[in-house]
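Asks: Provided herewith is a single structure, encoded as structure tokens, for subsequent inquiry.
Each reported figure results from applying straightforward, stated rules to the coordinates on display, with no laboratory input. In this text, all values refer to a predicted model and were calculated from it rather than measured experimentally. With ideal geometry, Cβ positions are generated from the backbone for all residues, glycine too; neighbour counts draw on all protein chains shown.
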Amino acid sequence: MKSENQLMEKIISLCKRRGFVFPGSEIYGGLANSWDYGPLGVELKNNIKQLWWKRFVQQRDDMVGIDAALIMNPKVWEASGHLKEFSDPLVECKKCKRRFRADHIDPNYENTNSFDKKIKCPDCSGELSEPRQFNLMLKTFLGPAEEKADVAYFRPETAQAMFVDFKNVLETSRKKLPFGIAQIGKAFRNEITPGNFIFRTREFEQMEIEYFVKEEEWKNSFEHWQKESWNWMTGVLGLKKEHIHELEVPDGERAHYSKRTIDFEYDYPFGRKELYGLAYRANFDLKNHFKEAPYQDIEAGENLYPHVIEPTFGVDRSVLAVLCDAYTEEAERIVLKLKPVLAPYKVAVFPLLKNKPELVEKAKEVYEHLKKEFTTIFDDRGNIGKRYYSQDEIGTPYCVTVDFDTLEKADVTIRDRNTAKQERIKISELTSFIKEKIYD
Ligand code: GAP
């Protein structure tokens, strides 16, 4: 346990030191569990989001995307059941007043629905209150008056917009079943116990798909998205298969809308926890939002409520899993063995010596050339070994060094991050060489 905690501390420290993730509002003492993505973190996160969008929206004929408002009409949340059902059981310490999720500190709570009174406050051993349901919707007011009529909510999932916009999307895209609507965006939950770095926060990002099918097709579609989720995790993100596990969520523990759910869990350093989910929402949402069946099935000559398979992917949990999988300590170096396609910088360019203007000039020329194609960084600080280690730590897959031979032969050395091996290659072949390796 100790070494696992140490690993998490090392990852958090690297993230801060190298500009992946900083504590939010730090100069004001921070804001509990809020995190900001820095220059490298935003590149990594954007790479994940772009790959997801390309794979699941742009490269498929049966998918379209939307980008909806974060704050929707409160009636949406009445109809979706979130105002009534979207809650967690909370217990409060009578002594120190800290609050905990009953199901997190009493492992039997979910099965028995009764809280073990012998359990004391994990922080001060004080007596705990009876559990009460705490709604997770993050409330705000629209307009100057903070009155009941002006209450609104930040969306707790991106999914609802895909249901509410269903007819508009259908009419404008002319899609036929089966088809899906996808969205990437922020979601907000007033979590009782946020924590574990970017794992559980009150503001986070989701990549979600609502895939609409005829009822009789749901099982096939569920299996399809189960496979697609695995391909995404292991193939695209490159997560190690042995770190991912499927959990069939039993009756009584699923979200209020779900008839079947699989959680994809990942072995984080702090334990095995949910990474993504896959749910069969049946026609629950469309039925609640539309009085009349919104889909006209011309062949069958009837209107119907399509059923929904929902693969849902947390962006921040993707970033965290990718970082945990990639973090490697070797003899003298720390290496982030990210899949090259995810790396914030694909290539770094160095002049062998900083004080030789002809080398610096040539290195800048190579840098400008590569920058057109890849995220590229130029570095002439310190000695070459330190520059390599510095790039290893942020996962840059290739380092290119311009030396005296370059001036004569128009070639450079290129070093591979994982093996630390170097080879010589013509400048004219650099782009195609790197491209081939990165987008394999
Ligand atoms: N639309 C379905 C839905 O929202 P969920 O399992 O509640 O399902 C989906 O959330 C995904 O969003 C999770 O699998 C996780 O990756 C991410 N997620 C949920 N709550 C989160 C939080 N508080 N912080 C970070 N990510 C979160």
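Asks: Counting Lys and Arg as +1 and Asp and Glu as -1, what is the net charge of the other residues whose Cβ lies under 11 Å from the Cβ of VAL236?
Replies: Value of the local net charge: +2.
Asks: Sticking with this structure for a sec: May I ask which residue of LEU170, THR234, ASN190 lies farthest towards the positive end of the charge dipole of the stretch 155-244, with charges of +1 (Lys, Arg) and -1 (Asp, Glu) on Cβ and the Cα centre as origin?
Replies: THR234
Asks: Ranking TRP35, TRP53 by Cβ neighbours within 10 Å, fewest first, what do you get?
Replies: With the sparsest Cβ surroundings first, the list reads TRP53, TRP35.
Asks: Note the count of lysine pairs whose C-alpha atoms are less than 21 angstrom apart in the stretch 279-420, limited to pairs 8 or more residues apart or on different chains.
Replies: For the stretch 279-420, the number of qualifying lysine pairs is 24.
Asks: Mean projection of the alpha-carbon convex hull of the stretch 47-111 over all orientations, in nm²?
Replies: Over every viewing direction, the Cα hull of the stretch 47-111 projects on average to 8.9 nm².
Asks: Can you compute the charge dipole magnitude of the stretch 76-226 about its Cα centre, using +1 on each Lys and Arg Cβ and -1 on each Asp and Glu Cβ, nothing else charged? Give it in debye, rounded to the nearest 20.
Replies: Rounded to the nearest 20 debye, it is 400 debye.
Asks: Something else: Three principal axis extents, largest first, for the C-alpha atoms of the stretch 1-91, in Å?
Replies: 45, 44, 32
Asks: Work out the length of the dipole vector of the stretch 4-117 about its Cα centre, built from +1 on the beta-carbon of each Lys and Arg and -1 on the beta-carbon of each Asp and Glu, and round it to the nearest 20 debye.
Replies: It works out to roughly 400 debye.
Asks: Given the options ILE66, PHE290, CYS93, identify the residue whose Cα lies farthest towards the positive end of the charge dipole of the chain (+1 on Cβ of Lys, Arg; -1 on Cβ of Asp, Glu).
Replies: After comparing all options, I get CYS93.
Asks: Cα-based Rg (one decimal) and Dmax (whole number) for the stretch 260-342, in Å?
Replies: 20.8, 69
Asks: Continuing with the same structure: When the gyration tensor of the stretch 20-162 is built from Cα positions, what are the square roots of 5 times its three eigenvalues, in whole Å, from largest to smallest?
Replies: Working from the Cα gyration tensor, I get semi-axes of 34, 23, 20 Å.
Asks: To make sure I understand, if each residue's beta carbon is the centre and we count other beta carbons within 10 Å, what order do VAL249, VAL322, VAL76, VAL91 fall in, fewest to most?
Replies: Ordered by Cβ neighbours within 10 Å, fewest first: VAL249, VAL76, VAL322, VAL91.
Asks: In whole angstrom, and with the biggest value first, how far do the Cα coordinates of the stretch 110-210 range along each principal axis?
Replies: 60, 40, 28
Asks: Based on C-alpha coordinates, I'd like the Rg and Dmax of the chain, in Å.
Replies: Cα radius of gyration and Dmax of the chain are 25.3, 79 Å respectively.
Asks: Can you list the lysines whose alpha carbon is less than 21 Å from that of LYS97, not counting same-chain residues fewer than 8 positions off?
Replies: List returned: LYS117, LYS118, LYS120.
Asks: Let me ask you something else. At what distance in angstrom do the alpha carbon centres of the stretch 402-440 and the stretch 49-120 lie from each other?
Replies: The stretch 402-440 and the stretch 49-120 have Cα centres separated by 48 Å.
Asks: Further question on the same structure: About its Cα centre, what dipole magnitude does the stretch 317-366 give when the only charges are +1 on Lys and Arg Cβ and -1 on Asp and Glu Cβ, stated in debye to the nearest 20?
Replies: Its charge dipole is roughly 160 debye.
Asks: Output wanted: per-residue J couplings in Hz (rounded whole) for the stretch 296-305, from phi through Karplus 6.51 cos²θ - 1.76 cosθ + 1.60, θ = phi - 60°, x for Gly and Pro.
Replies: 9, 8, 5, 4, 7, x, 8, 9, 9, 9
Asks: Sticking with this one: So how much slack lies between ILE425 and GLU9, counting 0.36 nm per residue of separation and subtracting their Cα-Cα distance, in nm?
Replies: 145.8 nm
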